[in-house]
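For reference, the structure discussed in these notes is given below.
The values are calculated or read from the model by the stated rules, or taken from the named source; none is laboratory data. All values derive from a computational prediction rather than experimental measurement. Counting neighbours? That spans all protein chains shown, and the Cβs are built from the backbone with ideal geometry, glycine included. Side chains are part of the model used for accessible areas, which takes the heavy atoms of the whole protein and leaves out ligands, DNA and RNA. Shrake-Rupley method; radii C 1.70, N 1.55, O 1.52, S 1.80 Å.
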Amino acid sequence: LPRSLIEEVFSYWEISKEGLPVDLLSLENCSSLVEKKNRLFGIFSIAANITGEVQGKVLRKCLTKISKEIDEGKVHDLPSTLRFFDEKNPDQAEIKARLEEVFDDLEGLKMYCQSWGDFLDSKAKITVISTSADGIRKSSQLIDMMLSSLYAYKQHHRNARWTVILDEIEDLCLEKDGPISTILRKGSKHGLSMLLGSQEFSVEKDKLGKLIGNCGTLVFFRPKDADIGIV
């Protein structure tokens, strides 16, 4: 593409240099404590790779305190939320350790106190967000956290129709309740759609296979194991 067209149509945002483009701790439009905890649970459960009902209950208990202090203006970034987890409690200590792996990479990065609408309105028609994996080790969790935040925002702001383009989705959260699966199933009514790419393909009833089944349109190219050998 001509450079003039690229400069006109595309905007670029590199997280490792410019920080988090939106406030991932935003509780905007949450009218009750339950809603606030659900909003935060979408972010923290992905970062901590929460599995099972027990871990979920432990996390939600900690989120009660975190949400209250966010409302009081005492919490402004993700790393500062780690102090709400009691290391003397084995379950909380395990969740905290997982969160630290992700949040440590974000320490020192600015988190802009703006919504997805504010951020995208200030950019060109197509915005490319890079996690700069060389600098941020846990880039896949960060992408999933931003997707969860985006879906929460679009539930209350449906006027504009946005499309999210993701490549190498096999590296992201493919769980049934994860943000990609949720957006594929419910995003359309909120004005949010997705275009996904992957080098893997599964017809089995595994996580990737079930996720592919939620896509409305499928385009396939030759599988890697069907490459023509040189004789």
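Summary table
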{"quantity": "Rough spin-label spacing in nm, given labels placed 7 Å along Cα→Cβ, for K207 and N29", "calculated": "2.8"}
{"quantity": "Whole-percent pair-distance distribution, where bins are 10 Å wide, for the alpha carbons of the chain", "calculated": "7, 29, 35, 21, 6, 2, 0"}
{"quantity": "Relative contact order for the range 1-109, counting Cα pairs under 8 Å that sit 6 or more residues apart, in percent", "calculated": "27"}
{"quantity": "Accessible area of the range 101-187 belonging to carbon and sulfur atoms, whole % at 1.4 Å probe", "calculated": "44"}
{"quantity": "Rounded FRET efficiency, nearest 0.05, which uses the C-beta distance separating E200 from D104 and R0 of 25 Å", "calculated": "0.30"}
{"quantity": "Separation of the K125 and T64 label points, Cα + 7 Å toward Cβ, nm", "calculated": "5.0"}
{"quantity": "In Å², nearest 10: area of K123 left accessible to a 1.4 Å probe", "calculated": "60"}
{"quantity": "Kyte-Doolittle mean at least -1.0, axial Cα span of 15 Å or more - DSSP H helices of the chain", "calculated": "33-47, 53-71, 90-103, 139-154"}
{"quantity": "Mean shadow area of the range 1-43 over all directions, Cα convex hull, nm²", "calculated": "4.8"}
{"quantity": "R0 of 22 Å, Cβ-Cβ distance N49-S16: FRET efficiency to nearest 0.05", "calculated": "0.50"}
{"quantity": "Exposure of D167 as accessible area (Å², to 10), given a probe of 1.4 Å and all protein chains", "calculated": "110"}
{"quantity": "Loop GluC sites (Glu not before Pro), the range 10-43, which have at most 15 other Cβ atoms in a 10 Å radius of their Cβ (DSSP)", "calculated": "E28"}
{"quantity": "Residue pairs, from the table K57/K96; K17/K65; K37/K189; K154/K176, whose Cα atoms sit over 21 Å apart", "calculated": "K17/K65; K37/K189"}
{"quantity": "Zone of H156's modelled label, taken as backbone nitrogen in the range 184-223 under 17 Å from a point 7 Å along Cα→Cβ", "calculated": "190-191"}
